[in-house]
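Where a number appears in this text, it was derived from the coordinates with a stated rule and is not lab data. All values reported here derive from a predicted model rather than from experimental measurement. Don't worry about glycine lacking a Cβ; one is built from the backbone with ideal geometry, like all the others, and counts go over all protein chains shown.
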Amino acid sequence: MPGGQIIASIFRYDPVKDQKPYYQVYTIPVQQQITLQSILEYIYEYCDHTLAFRKGKCYQGICGRCLVKLNGKPVRACSTLIKTGETVQVDPVNKEKVLRDLVTKL
């Protein structure tokens, strides 16, 4: 079975070194649909160790720590499935409270 991919445009901003926010695009190889949390973990592990996001392994959609915006809508990254072939944009829930990348003040 040939592999697929997901294209993810991720909001990036480190107030210590960046003058303004920007988006960085990553291509994630996938065989089947995966969670948004798994996509972020893949990017962190294999593409960019500087990506900041709330890590956690609940995968039950209960705590809400992993809340981000996916294509403009708030979702829990741990329980939101992304299909092979999709292009997604991931933003912090509140851009006014960004500590770094997808991590915001609670």
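Whole number please: convex hull volume per residue, Cα atoms of segment 1-42, in Å³.
Spelled out: Cα convex hull of segment 1-42, divided by residues, is 68 Å³.
Among ILE82, PRO92, ILE28, flag the residue with its Cα farthest along the positive direction of the charge dipole of the chain, charges on Cβ as +1 for Lys/Arg and -1 for Asp/Glu.
Positive-most Cα among the choices belongs to PRO92.
Taking every eigenvalue of the Cα gyration tensor of the chain, multiplying by 5 and rooting it, what semi-axes result, largest first, whole Å?
Largest first, the chain gives 22, 16, 12 Å.
Check which residues have an amide H placed less than 5 Å from GLN89's amide H, if you skip close sequence neighbours.
The list, which skips near neighbours in sequence, is SER9, ASN71.
For segment 1-103, which trypsin sites (Lys or Arg not before Pro) are in a loop by DSSP, counting at most 15 other Cβ atoms within 10 Å? Walk me through the numbers on the way to the answer.
Numbers: sites: ARG12, LYS17, ARG54, LYS55, LYS57, ARG65, LYS69, ARG76, LYS83, LYS95, LYS97, ARG100; in loops: LYS17, ARG54, LYS55, LYS57, ARG65, LYS83.
Those that pass, being in a loop and sparsely packed, are LYS17, LYS55, LYS57, ARG65, LYS83.
Give me the count of lysine pairs in segment 4-104 whose alpha carbons sit under 29 angstrom apart, restricted to pairs 8 or more positions apart or on different chains.
Qualifying lysine pairs in segment 4-104: 27.
Name the chymotrypsin sites (Phe, Trp or Tyr not before Pro) in segment 1-93 that are in a loop by DSSP and that have at most 14 other C-beta atoms within 10 Å, would you?
Taking segment 1-93 and a limit of 14 other Cβ atoms within 10 Å, the loop chymotrypsin sites (Phe, Trp or Tyr not before Pro) found are TYR59.
Would you look at the GNM of the chain, springs on alpha carbons closer than 10 Å, and say which of GLN19, GLN37, GLN89 moves the most?
Highest fluctuation among the options: GLN19.
Mind checking the dipole of the chain: about its Cα centre, +1 per Lys or Arg Cβ, -1 per Asp or Glu Cβ, Debye to the nearest 20?
Values: 15 positive and 9 negative charges, 86 e Å.
Using Cβ point charges on Lys, Arg, Asp and Glu, the chain gives about 420 debye.
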